[in-house]
Amino acid sequence: MQQFTIEDLRKFSPCYDPTKYLPENWQGTVIDILNVTDCPTEDRLWVVLRKEFMTDKQLRLFAVWCARQALAIPGNESEVCSNTCDVAERYANGEATKEEFAAARAAAWAAARAAAWAAARDDAWAEFNSLVYESFGVKS
């Protein structure tokens, strides 16, 4: 596994100097970075989830895993997004075409836009109703 140093980390232009969590003479692997529990999780992932350390396939499969974890949360279920995960996983493994991947991605974006529009509409309607009730002195 590839070894890297504090200087290598500095080349990524982090928000703070890596010596906040690691000694100046530190050297290690991505596994070592992931094991630095004093450092916030999102910062450790920021370091290791890059093409310098992972292949496109590994990055795509990790993204699919993350999406599936989010879809497993009650209320987040989505057949379109689940299908998109399936296609993305197959694409990462060389089992789906670019066209299949593009179509699944487009369907997922369309579903996300529709959900965002519906949520915004519902919020606006609720706010409108609240204002109408207030103007007549009625509690909703």
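Within segment 19-41, being within 15 Å of Asp8 (Cα to Cα), open to solvent by less than 60 Å² (accessible area, probe 1.4 Å) and part of a loop (DSSP other than H, G, I, E, B) holds for Leu22, Trp26, Thr29. Among the residues making up segment 63-90, those that are within 25 Å of Val48 (Cα to Cα) and open to solvent by 60 Å² or more (accessible area, probe 1.4 Å) are Trp65, Arg68, Gln69, Ala72, Asp86, Glu89, Arg90.
Condition first: under 23 Å from Leu49 (Cα atoms) and in contact with a helix residue (DSSP H, G or I) (Cβ under 7 Å, 6 or more places away or on another chain). Now tell me which residues in segment 91-107 satisfy that. Within segment 91-107, Tyr91, Ala92, Phe101, Arg105 meet the criteria.
Residue check: is Lys57 over 22 Å from Trp46 (Cα atoms), of a type in the set (D, E, K, R) and touching a helix residue (DSSP H, G or I) at 6+ places or on another chain (Cβ under 8 Å)? Considered against the rule, which asks whether it is over 22 Å from Trp46 (Cα atoms), of a type in the set (D, E, K, R) and touching a helix residue (DSSP H, G or I) at 6+ places or on another chain (Cβ under 8 Å), Lys57 comes out as no. Residues in segment 42-54 that are exposed (fewer than 12 other Cβ atoms within 10 Å of the Cβ) and either within 13 Å of Val30 (Cα to Cα) or among the small types (Gly, Ala, Ser) (or both): 1 in all. In this structure, Arg60 qualifies as surrounded by 12 or more Cβ atoms within 10 Å (Cβ to Cβ) and assigned to a helix (DSSP H, G or I). Being aliphatic (A, V, I, L, M) and either in contact (Cβ under 8 Å) with a residue 60 or more places away in the chain or touching a Cys at 6+ places or on another chain (Cβ under 6 Å) (or both) holds for only one residue in Val64, Val132, and it is Val64. Does Glu77 satisfy the criteria of being under 30 Å from Met1 (Cβ atoms) and in a loop (DSSP other than H, G, I, E, B)? Spelling it out, it is not the case that Glu77 is under 30 Å from Met1 (Cβ atoms) and in a loop (DSSP other than H, G, I, E, B).
The values are calculated or read from the model by the stated rules, or taken from the named source; none is laboratory data. Note that this is a predicted model, so its numbers are computed, not measured. Every residue, glycine as well, gets a Cβ built from its backbone with ideal geometry; the counts of neighbours run over all protein chains shown. Side chains included, ligands, DNA and RNA excluded: accessible areas come from the protein's heavy atoms. Shrake-Rupley method; radii C 1.70, N 1.55, O 1.52, S 1.80 Å.
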